[in-house]
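J.: This is the structure I want to talk about, given as C-alpha cells.
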Amino acid sequence: MISSLPSNLKEIVTDDTQRALLEDLCSEELGQSHLLDAYCQGDADDDKLRGLCSQLLKLNGGYPGGLRSYIEKAKKLLQDSQDSVNPLDGWSPSIPQGESFELGTVKYDDTEKMGMELLNRVGFVLVAGGLGERLGYNGAKIGLPTESTTGTLYLEYYASYIMAVENRATPRVRLPLAIMVSNDTKEPTLQLLKENKCFGLQRRQIYIVQQGDGVPALIDNEAHFAIDPKDPYKIITKPHGHGDIHSLLYKNKVTKEWQDKLGIKYMVLFQDTNGLAFHTLPLLLGVSQQHGFIMNSLCVPRKAKQAIGGIAKLQNASTGKERTVNVEYNQLEPLLRSTEEFKEGDVNNETTGYSPFPGNINQLVFQLDGYNKVLERTKGVMPDFVNPKYKDATKTVFKKPTRLECMMQEFPTVLSSDESKHVGFTQAESSICFSPVKNAVVDGVALQAKGTPAGTAATGESDQYTAQRIFLRSHGCQVTEADPTSYSGIEVVPGPAIVLDPDFVCCPGDLKTKFPCPEKVMITSRSTLVVKGSGVVIESLNLDGCLVVDAGPGEQITIRDKVVKNDGWIQVPVSDSDTEVIRMRGFIIDRKETEHVEAQNKSGQNDIDDDTSIDENAPYEVEDDSSGVNFGVK
Ligand code: UTP
C-alpha cells in the first residue's frame, strides 16, 4: 500500500515550508511516501510527524539544491552504478604536471626556501568531521596524542605549528585556522579547544564550520530514504564526506574574508591525524608559486597498482577538456589499459621504480585568489558519487543503506578549461610527510601482513620520530636506528625518539641554523631527544639517554660539548590497559632518567607576548583575547 498524505495535514503541520516539503517528497515523482507509513498504518502521532517534518527541513537546508536535488541525483547515480557506467568513459589519461623531490638536494632546499617566504600568508583548514569508524576511538581524533614522549595532541601540534610560523614572521602575524566539524565531532572539538584555551591560539583566529546533519541514507535503487528501525518517524543519515569543506568555506565567506581582510594568499587543507602534515608545507608553497598552481596536491611515490588513488591528467575526447585529478586505483588500471600509450596498464617507471601517476594523500594547497573565484562561480559544490554494496549480481538489493558522498580532491572537476591548466602535484617520500592514524590495531596488523602501512597509533607515533631522524641524518648528524620491535602485533622502529617542536625546527631548512655542526651531533638508538624553543642551537652533543631542552619565548640556549649518558626513557610493551589511548598504542613510556636543560639567565628573557609593535598590514590583528572562549559555529 502507498501511504497518502493525511487530509488534515494543514492542521497537523502548520509550518507552510515544512508541509510543502513533505508534500513534494511524497509526490509520485520523488516517491518518498513511505515516510508516512508509520502515521498511516500504525498509531498516528501528530507530534512525531511534526518531528519528522522538522528533520526533513534541516536535511533539505543541509544539501545544496535541497532534498529534491538529492533524490534526483541519487536516482541517476544509482542507475549508472547498476548499469556499470564508467565515469571516466571518454577521458584519456596522461602524466600530470608536478615536481618530485628528494630530501637533501639543491632543488629541495631552494623550493623550500621560496615556500618559507610565503608561510606567513597561509590560512589553515583542518577537515575533522569524519566518524573515524575504522579507528574506533571513543572521542575526537584530533584529541589523540601524536606521540607519547611529550603527549602533544594532534590539535595542539597543529596550533603549535601555526604559532611557530606566526612568531618567526617579521612583523608578527596572526594566521587563521578553520576547522570543519560534523554533528559527531562538534562537541568534542569545542570541548577540547575550551579546556585547553585554544592551545595558545586566539579564539578569533579559529573559524568553526559545521557539516550539515549528513544526508539521508538510501535503501534501494529508487533512492528511498532509510527509516530508523527504532523510530519510524526518523530518517537515518550518513556523513556526506569531506568534499563539504568547499561549500562551507563559500557559504560562510571564510576564505573571502581571509583574502580580503587578512591578506591570506594560500590555504592548506589537511586531515585530522597526520603528525607529519607540515614538514613539506613550504615545499608545496614553493611549487605552487613557481608553477602558478591554483591547486597543488601533496603526493607520495606510488608503486604501480598500489591501492591508493593516483593523480592523472585526463583529456576528454569529445569536448577537448583537460583536468588533473585523483583517479581511484581500481579505475586507473582499466583506464590506462584502454589506451595505446599505456596499454600495459599501470607499470613502474624504469628509472624511478614508481608509477608515473603519483599517490594522492589528500593534503591540498590552494592559491586563494584563484580558489575564491572558483567558489564564486560554483558555490563550492563538488560532484557526488555513490558506492552501494550490492547483495548479488542483479545489483538490485543493497547489503546496507548507501548515500551520496563528495570528496574534497574532486575540486579540479569544477574548474574551467583555463583554470584546469593550473593544477599539479608535489611529490615527496611518505616517510617525511604522511602517516595518518586511521586504523584499529587488529586491522593494522592485517595491513602490515600485506606489506601496506598499518596506519595505527603506534605507527603514527614511530613515523614521527623516524621523520626527524631522516631529517637529522640527511643534514649530517649521526643518528643510530633502533632495531624494529612490535607492540600488540604492530611492527615499528621505536627510536631514537626525537621530538623537535615547530618553534625550534619547522622544516628541514631550519636545521642549518639549529644544528650548525651536524658532524658533532651523535644520538644512540636508545635515546630520546625533546627540544622546544626558537632560541635553541645544538652545536655539539653526544646523547645516549634522554635529553630535554626547553627554552621559553625569547630565551637562548646553546648546547655545546654536551655529553649525556643516563638511563633514559624506555618504551614498555603493554598488552592491555584501562586507558584507551594506551591500548591503541600497545606501549607506555617508562621515564627512568632525564637530563633537563633550561635557560640559565632568565633575565635576558624577551617575552614576545609583550611585543605590541604590530604591522597594520599584517594578515590578522593581534589582540588580547584572554577573556574566555566562546565559539560561534558558522
Ligand atoms: P577519513 O578517510 O579518515 O575518514 O577522512 P573518516 O570518516 O575520518 O574515518 P572512517 O572512514 O569513518 O574510518 C579523511 C579526513 O576527512 C575528514 C576526516 O575527519 C579526516 O580528516 N572528514 C571525513 C570530514 O571532515 N568529513 C567527512 O564527512 C568525512
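The values are calculated or read from the model by the stated rules, or taken from the named source; none is laboratory data. Because the structure is predicted, anything quoted here is derived from the model rather than measured. Here the Cβ is made from the backbone with ideal geometry for all residues, glycine too, and neighbour counts use every protein chain on show. Side chains are part of the model used for accessible areas, which takes the heavy atoms of the whole protein and leaves out ligands, DNA and RNA. Shrake-Rupley method; radii C 1.70, N 1.55, O 1.52, S 1.80 Å.
J.: Excluding same-chain residues fewer than 8 positions from residue 305, which aspartates and glutamates have a Cα within less than 18 Å of its Cα?
T.: Cross-link targets: 328, 333, 341, 344, 346, 350, 429.
J.: Another question, if that's okay. Return the long-range amide H neighbours of residue 348 (sequence gap of 5 or more, or a different chain), with a cut-off of under 5 Å between placed amide H atoms.
T.: 304
J.: Follow-up. For the chain, state what percent of all Cα-Cα pairs lands in each successive 10 Å bin, counting from 0 Å until the bin that includes the largest distance.
T.: For the chain, the binned pair fractions read 3, 14, 24, 26, 18, 10, 4, 1, 0 percent.
J.: Among 570, 553, 588, whose Cα lies farthest out toward the positive end of the dipole of region 540-600, if unit charges sit on the beta carbon of Lys, Arg (+1) and Asp, Glu (-1)?
T.: Of the candidates, 570 comes out farthest on the positive side.
J.: Same structure, new question: Treating the beta-carbon of each Lys and Arg as +1 and of each Asp and Glu as -1, no other charges, what is the dipole magnitude of the chain about its Cα centre, to the nearest 20 debye?
T.: In debye, rounded to 20, the chain gives about 640.
J.: How much FRET efficiency would the formula 1/(1 + (r/R0)^6) give for residue 350 and residue 86, where r is the Cβ-Cβ distance and R0 is 22 Å, rounded to 0.05?
T.: Efficiency for this residue pair is about 0.15.
J.: How much of the accessible area of the chain, probe 1.4 Å, is carbon plus sulfur, in whole percent?
T.: 47 percent
J.: Just to confirm the number: angle between the C-alpha axis of helix 46-62 and the first principal axis of the chain, 0 to 90 degrees, nearest 10?
T.: It works out to around 60 degrees.
J.: Now, a different point. What is the set of long-range amide H partners of residue 587 at a cut-off below 5 Å, with H atoms built 1.01 Å from backbone N?
T.: 574
J.: With angles folded into 0 to 90 degrees, how steeply does helix 106-116 sit against the dominant principal axis of the chain? Use alpha carbons for both and round to 10.
T.: 70 degrees
J.: Same structure, new question: Given the options 283, 270, 327, identify the residue whose Cα lies farthest towards the positive end of the charge dipole of region 260-329 (+1 on Cβ of Lys, Arg; -1 on Cβ of Asp, Glu).
T.: It is 327.
J.: Just order 36-42, 53-59, 547-553, 172-178 by mean Cβ neighbour count inside 10 Å, highest at the front, would you?
T.: Packing order, densest peptide first, comes out as 172-178, 547-553, 53-59, 36-42.
J.: Right, next: Return the equivalent ellipsoid semi-axes of region 10-91 as a descending list in whole Å, where each equals the square root of 5 times an eigenvalue of the C-alpha gyration tensor.
T.: Equivalent-ellipsoid dimensions as semi-axes: 31, 15, 9 Å.
J.: Would you kindly find the accessible area of residue 46, with a 1.4 Å probe and non-protein molecules such as ligands, DNA and RNA excluded, rounding to the nearest 10 Å²?
T.: 60 Å²
J.: With both partners inside the chain, how many of the DSSP beta bridges are antiparallel, as a percent to the nearest 5?
T.: So the antiparallel bridges in the chain amount to around 45 percent.
J.: Starting with the highest mean, order 578-586, 438-446 by the number of other Cβ atoms within 10 Å, averaged over the residues of each peptide.
T.: With the highest mean Cβ count within 10 Å placed first, the list reads 438-446, 578-586.
J.: Hey, what's region 167-283 come to in accessible area per residue, 1.4 Å probe, Å²?
T.: 36 Å²
J.: Report, in listed order, any pair from 197/265; 76/251; 113/512; 265/313 with a Cα-Cα distance greater than 21 Å.
T.: Beyond 21 Å: 197/265; 76/251; 265/313.
J.: Excluding residue 14 itself, what net charge comes from residues whose Cβ is under 13 Å from its Cβ, given Lys and Arg +1 and Asp and Glu -1?
T.: -2
J.: Give me the distance in nm between label points sitting 7 Å out from Cα along the Cα-to-Cβ direction at residue 44 and residue 575, one decimal.
T.: 6.3 nm
J.: Oh, and also: Taking a threshold of 27 Å on the Cα-Cα distance, which of the pairs 75/234; 58/230; 421/450 fall above it?
T.: Going by Cα-Cα distance, 421/450 fall outside the 27 Å limit.
J.: Under a point spin-label approximation (7 Å from Cα along Cα-to-Cβ), what is the residue 340-residue 231 distance to one decimal in nm?
T.: 6.1 nm
J.: Quick one: order 187, 340 from most to least accessible surface, probe 1.4 Å.
T.: Largest accessible area first, the residues go 340, 187.
J.: Now for a separate question. For a label point 7 Å from the Cα of residue 593 along Cα→C-beta, name the residues of region 540-573 whose backbone N is under 16 Å from it.
T.: Output list for this probe position: 542-548, 563-571.
J.: Next up: Give the accessible area for residue 418 in Å² (nearest 10); use a 1.4 Å probe, count only protein heavy atoms, and leave out ligands, DNA and RNA.
T.: My reading of the accessible area for residue 418 is about 100 Å².
J.: Treating only the Cβ atoms of Lys and Arg (+1) and Asp and Glu (-1) as charged, compute the dipole magnitude of region 110-234 about its Cα centre; round to the nearest 20 debye.
T.: 720 debye
J.: Hey, another quick one. If r is the Cβ-Cβ distance from residue 305 to residue 483 and R0 is 35 Å, what FRET efficiency results, to the nearest 0.05?
T.: My answer for the efficiency is 0.65.
J.: Check which residues have an amide H placed less than 5 Å from residue 215's amide H, if you skip close sequence neighbours.
T.: 238, 240
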